[in-house]
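First comes the structure, then the notes that go with it.
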Amino acid sequence: MPIVGTAGHVDHGKSTLVEALTGRDPDRLAEEKRRGLTIDLGFAWMDVGGTELGFVDVPGHERFIKNMLAGVVGVDCALLVVAADSGWMPQTEEHAKILSLLGVPTGVIAVTRTDLVDDDTIELTTLEIAEEVADTPMASWPVVPVSAVTGDGLGDLQQVLVATALLATADVAAPFRMWVDRAFVIHGSGLVVTGTVQAGTLRTGDEIEVHPGSATARVRGLHHHDHAVDIVTAGQRAAINLSGIDLADARRGSRLSVPGTTADTTGLLVDVTTARGFDRLPNRGSFHVHLGTIDRPATIRTVRDSIVAITTDAPIPAVVKDRLILRESGRQAVVAGGTVIETRAAGRIGADAIERLAAAVTAAPDSDALADAILEARGHEAISVLKRATGGGAPSRAVMAGSTAVSLLRARHAVERAVGLTETYHAEHPRRAGIPIAELASRVGIAHDLMSSLVTGTEELDIADGTVRRPSFEGGLSDADEAAWAAARAALESSLDVPRASHLGLDTEVLHALIRRGDLERIEPDLVFTRAQIDQILGRLEGLDDPFTVAEFKEYFGMARRQSVPLLEWLDKQGITRRSGDTRTLVR
């Protein structure tokens with residue numbers, strides 16, 4: 001069911017026209033009826049030949065502009081009202097700017113109060129409208145003269161509205177999202193919120209998140225146009241009875257969404273378009289950002305060309321591709337509108353990537369494509385963060401590492417850098433098996449698990465035992481190193497009363513290589529035994545009587561205390577011996 005949102009200057013007959021079309025008075029407040037002035041949002045609906053249209057009636061007075069902005073959220077079609085006896089007025093202009101900047105997809109312009117003027121005046125008003133909307137998206141909107149008093153033109157307007165509103169498409173496949181425009185408590189039922197469903201589908205019993213704040217609630221019941229229903233979908237007005245939260249958690253400005261698909265943020269990157277009459281954003285001033293049904297004081301900073309960083313005084317619930325309005329408080333004027341391209345105003349995104357990001361967001365057909373665009377800009381990101389930033393999207397062009405995604409570009413650059421660093425490491429340490437994965441990750445500048453996933457996924461590097469090397473690398477000991485090792489082994493194996501490792505005449509790198517190769521066992525920093533000696537010691541342990549002391553062990557193996565004490569401690573750690581006081585027993 002398409003939703004039509006009214007717009008236009010105060011006292012041009014918006015509410016009267018809606019009542020004439022639908023038979024329902026959208027002004028629901030006593031103050032509105034007393035003053036004959038729409039103050040807050042009104043709602044009505046009608047059926048035309050089996051097609052149901054919903055109406056959101058907004059106030060036209062400039063003092064209630066934030067209510068008007070809250071009312072045009074999610075509408076499929078605008079009904080811009082211009083009185084034939086007044087013509088294009090200041091709030092007509094501001095409302096027209098808002099409709100254009102928010103990208104309302106379709107619309108109709110109604111020339112009202114035709115019963116108060118002659119045909120020439122109607123023609124002049126129509127010409128004035130054409131002049132005002134020239135070079136705007138509204139230039140193609142049909143213009144329909146109508147009188148809510150006499151009924152002239154009402155039938156034509158109904159048919160045109162239906163035909164125009166049906167041109168809009170509802171995003172039913174996306175995760176559910178809805179801005180709250182009213183919230184109240186009904187005795188016996190509890191909290192009820194209303195709004196226009198932006199995207200997706202909601203059913204009785206579903207769990208949702210309420211933002212800002214991520215409070216969770218369950219749907220107790222649903223109403224659509226005063227009728228209880230089991231399901232509501234994108235493009236419908238909905239009243240939702242919620243359990244699990246209070247009125248303080250959900251009010252106008254709250255956003256309902258599928259859990260995990262909306263981000264609360266105080267910083268946005270926005271691709272802005274200045275309003276008609278402004279060549280550029282003002283350099284200074286006090287600003288308000290209007291996003292959905294929420295409005296917040298904000299500071300703005302131009303980052304690059306049309307890209308603006310917006311910082312709000314409190315968190316707002318936003319997803320990429322949301323449309324917003326910027327108003328300058330001092331002038332009381334709409335100065336720009338824009339599209340959210342990032343749900344944070346700063347971070348790992350460089351200035352050179354921002355324009356590419358803006359273009360990618362504009363072209364993205366769905367939330368998954370948005371996730372790809374954001375990931376490409378950020379380089380790597382947690383899947384849950386991407387999901388919240390994009391309204392439920394998941395990247396399709398990524399290297400996965402657990403719950404984190406890495407963009408293909410970032411992955412390629414990381415692998416290229418890792419290959420270069422590994423080759424340098426091989427040149428500097430030719431006797432080592434390769435560079436430790438933790439050291440490589442630190443040098444590349446990414447997390448250990450990401451580095452491990454990238455290395456595992458490429459043929460340019462091999463990983464084994466936490467060490468990375470080039471597949472072609474044949475590191476190891478040279479002939480001279482092997483000769484030095486043969487001499488050291490002879491010195492070691494001549495007796496279990498071995499010399500210090502530092503006295504063996506081996507280069508430190510050679511010593512490390514022999515330990516990694518398994519030829520030597522390091523007992524402590526300056527004590528090593530050959531593998532054959534360790535096997536000999538283990539084989540002879542059975543000859544010791546339990547329990548035995550350090551002195552008995554030392555005498556049995558013909559060692560000095562310098563070797564026997566650390567060797568026994570090593571045997572304890574290996575679970576071969578067990579110490580009790582000053583004695584040990586063999587674990588059999």
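So which pairs qualify, if the first residue must be in the range 436-453 and in contact (Cβ under 8 Å) with a residue 60 or more places away in the chain, the second must be in a loop (DSSP other than H, G, I, E, B) and among the basic types (Lys, Arg), the Cβ gap must be under 6 Å, and the two must be at least 6 apart or on different chains?
none
Only one of these is modelled with pLDDT of 85 or more and in contact with a Pro (Cβ under 9 Å, 6 or more places away or on another chain): THR38, THR92, THR6. Name it.
THR6
Can you name the condition, by its number, that ALA130 falls short on among (1) at pLDDT 90 or above; (2) buried (at least 24 other Cβ atoms within 10 Å of the Cβ)?
Against the list (1) at pLDDT 90 or above; (2) buried (at least 24 other Cβ atoms within 10 Å of the Cβ), ALA130 comes up short only on (2).
Select, from LEU202, LEU256, LEU281, the only residue that is among the aliphatic types (A, V, I, L, M), buried (at least 17 other Cβ atoms within 10 Å of the Cβ) and not in a strand (DSSP E or B).
Just a single option satisfies the conditions, and that option is LEU281.
Among the listed residues ALA228, ALA217, ALA239, identify the single one that is without any contact (Cβ under 8 Å) to a residue 40 or more places away in the chain, crowded, with 17+ Cβ neighbours inside 10 Å and in a strand (DSSP E or B).
Just one listed residue meets the conditions, ALA217.
Is it fair to say PRO547 is open to solvent by 30 Å² or more (accessible area, probe 1.4 Å), over 23 Å from PRO430 (Cβ atoms) and in contact with a strand residue (DSSP E or B) (Cβ under 7 Å, 6 or more places away or on another chain)?
In short, yes.
Of the conditions (1) open to solvent by less than 60 Å² (accessible area, probe 1.4 Å); (2) part of a loop (DSSP other than H, G, I, E, B); (3) touching a residue at least 24 places away in the same chain (Cβ under 8 Å); (4) over 26 Å from ASP313 (Cβ atoms), ARG276 satisfies every one except a single condition; which number is it?
Of (1) open to solvent by less than 60 Å² (accessible area, probe 1.4 Å); (2) part of a loop (DSSP other than H, G, I, E, B); (3) touching a residue at least 24 places away in the same chain (Cβ under 8 Å); (4) over 26 Å from ASP313 (Cβ atoms), only one is false for ARG276: (1).
Which one is farthest from GLY151 (Cα to Cα), of the residues in the range 10-30 that are at pLDDT below 75 and touching an Asp or Glu at 6+ places or on another chain (Cβ under 9 Å)?
My answer is LEU29.
Please determine whether any residue of the range 430-442 is within 30 Å of LEU102 (Cα to Cα) and in a helix (DSSP H, G or I).
no
Considering only residues of the range 401-452 that are among the hydroxyl-bearing types (Ser, Thr, Tyr) and buried (at least 19 other Cβ atoms within 10 Å of the Cβ), which is farthest from the chain's Cα centre (by Cα)?
TYR425
The conditions are (1) part of a loop (DSSP other than H, G, I, E, B); (2) exposed (fewer than 14 other Cβ atoms within 10 Å of the Cβ); (3) of a type outside the set (Gly, Ala, Ser), and ARG540 fails exactly one of them. Which is it?
Result: ARG540 fails condition (1) only.
To keep it simple, each residue is scored yes or no on (1) open to solvent by 50 Å² or more (accessible area, probe 1.4 Å); (2) part of a loop (DSSP other than H, G, I, E, B); (3) more than 13 Å from ASP497 (Cα to Cα).
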residue	(1), (2), (3)
PHE553	no, no, no
LEU567	no, no, no
TRP570	no, no, yes
ARG588	yes, yes, yes
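Return the residues of the range 454-484 that are open to solvent by less than 50 Å² (accessible area, probe 1.4 Å) and under 36 Å from the mean Cα position of the chain (by Cα); say none if nothing qualifies.
Once the filter is applied, which keeps residues that are open to solvent by less than 50 Å² (accessible area, probe 1.4 Å) and under 36 Å from the mean Cα position of the chain (by Cα), the range 454-484 yields LEU454, VAL455, THR458, LEU461, GLY466, THR467, VAL468.
Kindly evaluate ILE122 against the criterion of being buried (at least 22 other Cβ atoms within 10 Å of the Cβ) and not polar (S, T, N, Q). Outline the logic, then answer.
Values: buried (at least 22 other Cβ atoms within 10 Å of the Cβ): no; not polar (S, T, N, Q): yes.
In short, no.
If you go through the range 178-197 one residue at a time, do you hit one that is in contact with a Lys or Arg (Cβ under 6 Å, 6 or more places away or on another chain), open to solvent by less than 30 Å² (accessible area, probe 1.4 Å), of a type outside the set (A, V, I, L, M) and in a loop (DSSP other than H, G, I, E, B)?
yes
Looking at this structure, is VAL172 surrounded by fewer than 19 Cβ atoms within 10 Å (Cβ to Cβ) and not acidic (Asp, Glu)?
Numbers: surrounded by fewer than 19 Cβ atoms within 10 Å (Cβ to Cβ): yes; not acidic (Asp, Glu): yes.
Yes; evaluated as a whole, the condition is true for this residue.
List pairs: first in the range 280-306 and in contact (Cβ under 8 Å) with a residue 40 or more places away in the chain, second basic (Lys, Arg) and outside any strand (DSSP E or B), Cβ under 6 Å, 6+ apart or cross-chain?
Sorted first by the residue in the range 280-306, then by its partner, the pairs are THR293/ARG252; ASP295/LYS66.
The values are calculated or read from the model by the stated rules, or taken from the named source; none is laboratory data. Here the structure is a predicted model, which is why all the values come from computation and not from measurement. Positions of Cβ are generated from backbone atoms using ideal geometry, with glycine treated the same way; all protein chains shown enter the neighbour counts. What goes into the accessible areas is simple: the full protein's heavy atoms, side chains included, and nothing from ligands, DNA or RNA. Shrake-Rupley method; radii C 1.70, N 1.55, O 1.52, S 1.80 Å.
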